[in-house]
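Visitor: Mind having a look at this structure? Questions to follow.
The values are calculated or read from the model by the stated rules, or taken from the named source; none is laboratory data. These numbers were taken from a predicted model, which means no experiment stands behind them. Because the Cβ atoms are built from the backbone with ideal geometry, glycine has one as well, and the counts that use them run over all protein chains shown. For accessibility, only protein heavy atoms count, side chains too; no ligands or nucleic acids. Shrake-Rupley method; radii C 1.70, N 1.55, O 1.52, S 1.80 Å.
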Amino acid sequence: MRDLFAVIMMTGIFGLLSASFFVAMDAVDVAFTEASVGAGIATLLMLTAVTLTGRSEDSERHKPMWALVVVFTTGGLLIYGTLDMPYFGFAEAPVHQHVAPRYIYDSMQETGLPNIVTSVLASYRGFDTLGEVVVIFTAGMGVLALLRVERRPGIDQIMADSIFYLMHERHLILRIVTKMLLPFILLFALYVQFHGDFGPGGGFQAGVIFAAGIILYAMVFGLNTARYVVNRTFVRSLSAIGVLLYGGVGVVSMLLGGNFLDYDVLADSPVAGQHLGILLIELGVGLTVAAVMVIIFFNFCGRRDLP
Amino acid sequence: MILGLYNYWVVVVLMMIGFYIVIAHGNLIKKIVGLSIFQTAVFIFYISIAKVDDATAPILEEGISKYSNPLPHVLILTAIVVGIATVALGLALAVRLNEAYGSIEEESIQNQDNQEC
């Protein structure tokens, strides 16, 4: 396909389909994330990038025969490699013998949370998740460094006015429906954030949904209106505050005599401490993810509106 | 039964598609799309490993004793969000390249570089 617009739409559909694969394979948390990221934000970001770079592909493919040979050789070797793998759904496979039984049988006593994915994410492998959050933060800062535009105030005002009039004459239904839906989207994001301990959900998904709400607002009401509502400096500091909150919980648990990110010491009983720690670090994750997604989107769009 | 391995073959085919797009196409946006297909193939690989027959999602509930393995779910959940952040970084680089060279085609960028030398 030469038209990048169609390519990106297909990618979005692929994201949604893979989310349904994940549901079929019992990974509800992952499906939730993939549906909001793969089918939502990723499609949107690629579309914005394409409006900046042009939507048609014009080069010839280089040496497709050689590429096919390389690809089929790799694929053949990989399939040969799978012949020794355990069968799909086999309960005695080595991967289910190592640490997974402890997570499944002991996590209720140790953390008191029914959602095992959340307790592994936030408690057992909290250090790992801290690293992931730092990577997300760094990627957000990278986009900021690459795409940031210093704006001149005069042009800002003129553009804000023109977009304002444009939006008030057109897209009436879109605007009203967006206004009605927005509180529910943000409320749902908060529900996902704080219900993540008990059902599917958590900081990563909630952050993405919250950001999607703000991005929807920016798309319908114009970037400048959205910037007026969501202060840029505030969002930037929020992304750092999320990481600091996460690291801070670790430092506090160290000062109270435990290991880094060992929440047992945060409250009177280990289970209450785990609850508090998991709640706080999920909040940190949610803040960082939401802020970084908003930063990324605003900076892509800011480039496009460049006079 | 060798057909019990079909989940890995689906993953390998998806990976081959993504890999082909990355090496055969010159358009940078398409390369990023290819990379994200490759990435999703890896996600499906991990999640299919975690699947246990007749088990349910790993949320503890009275009266259920078989759960699928939660560890790959955790790894992939975070990897998806990290993946979108890195894809955004790649797109940002493509946008900057387009501003500098007026094109996101690999060959045209290469030609302009060669002329300058």
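Visitor: For the Cα atoms of chain B, what angle does the longest principal axis make with the long axis of helix B:6-24, in degrees from 0 to 90, nearest 10?
Guide: Long axis of B:6-24 versus the principal axis of chain B: about 10 degrees.
Visitor: Would you mind calculating the gained length between A:Met85 and A:Met65 on full extension (0.36 nm times residue separation, minus the Cα-Cα distance), in nm to one decimal? Don't skip to the end; give the middle numbers.
Guide: Working: separation 20, 0.36 × 20 = 7.20 nm, distance 3.07 nm.
Length gained between A:Met85 and A:Met65: 4.1 nm.
Visitor: Okay, moving on. For A:Lys179, B:Lys30, what's the largest-to-smallest order of accessible area, 1.4 Å probe?
Guide: Working: A:Lys179 135, B:Lys30 15 Å².
Highest to lowest solvent-accessible surface, that is A:Lys179, B:Lys30.
Visitor: Partner chain Cβ atoms within 10 Å, averaged over the residues of A:112-119 - can you pull that number for me? List each step's numbers first, then the result.
Guide: On the way: counts 0, 2, 5, 5, 11, 8, 5, 4.
That works out to 5 on average.
Visitor: Over its Cα atoms, what ratio of radius of gyration to 2.2 N^0.38 Å does region A:206-307 give? Present the calculation step by step, with values, prior to reporting the outcome.
Guide: Numbers: Rg = 17.4 Å, N = 102, 2.2 N^0.38 = 12.8 Å.
Taking the Cα Rg and dividing by 2.2 N^0.38 Å, one obtains 1.36.
Visitor: So if I take the centroid of the Cα atoms in region B:4-32 and the same for region A:1-33, what is the distance between those two points in Å?
Guide: Comparing the Cα centres of region B:4-32 and region A:1-33, I get a distance of 14 Å.
Visitor: May I pose another question? How many square angstrom of accessible surface are buried between A and B, both sides summed, with a 1.4 Å probe and rounding to 100? Don't skip to the end; give the middle numbers.
Guide: Details: alone 18520 and 8610 Å², together 19860 Å².
In total, this chain pair buries about 7300 Å².
Visitor: Shifting gears a bit: What is the spread of the Cα atoms of region A:114-304 along each of their three principal axes, largest first, in whole Å?
Guide: In descending order, the Cα extents are 59, 33, 21 Å.
Visitor: Further question on the same structure: Reported to two decimal places, what Rg/Rh ratio describes the protein assembly as shown when computed on Cα atoms with Rh from the Kirkwood expression?
Guide: Values: Rg = 23.0 Å, Rh = 23.1 Å.
So for the protein assembly as shown, dividing Rg by the Kirkwood Rh gives 1.00.
Visitor: Could you sort B:Leu97, A:Leu181, A:Leu187 by their accessible area in this structure, using a 1.4 Å probe and putting the largest first?
Guide: Values: B:Leu97 60, A:Leu181 85, A:Leu187 110 Å².
Descending order: A:Leu187, A:Leu181, B:Leu97.
Visitor: At R0 = 35 Å, how high is the FRET efficiency between A:Phe194 and B:Val42 if r is their beta carbon distance? Nearest 0.05 is fine. Write out the running numbers ahead of the final one.
Guide: Working: r = 31 Å, r/R0 = 0.88.
The pair A:Phe194/B:Val42 has a calculated efficiency of 0.70.
Visitor: How far is the Cα center of region A:263-298 from the Cα center of region B:64-103, in Å?
Guide: Region A:263-298 and region B:64-103 have Cα centres spaced 21 Å from each other.
Visitor: What does the convex hull of the alpha-carbon atoms of region B:2-116 project to on average, in nm²? Provide the component values of the computation, followed by the final result.
Guide: On the way: hull surface 37.3 nm².
Computing the convex hull of the Cα atoms and averaging its projections yields 9.3 nm².
Visitor: May I pose another question? Under 15 Å from the Cβ of A:Val37, count the other residues' Cβ atoms, weight Lys and Arg +1, Asp and Glu -1, and hand me the total. Intermediate values should be presented prior to the final figure.
Guide: Working: positive: none; negative: A:Asp29, A:Glu34, A:Glu132.
Around A:Val37, the surrounding residues sum to -3.
Visitor: With label points built 7 Å along Cα→Cβ from the Cα atoms of A:Thr73 and A:Met108, find their separation and express it in nm.
Guide: 5.4
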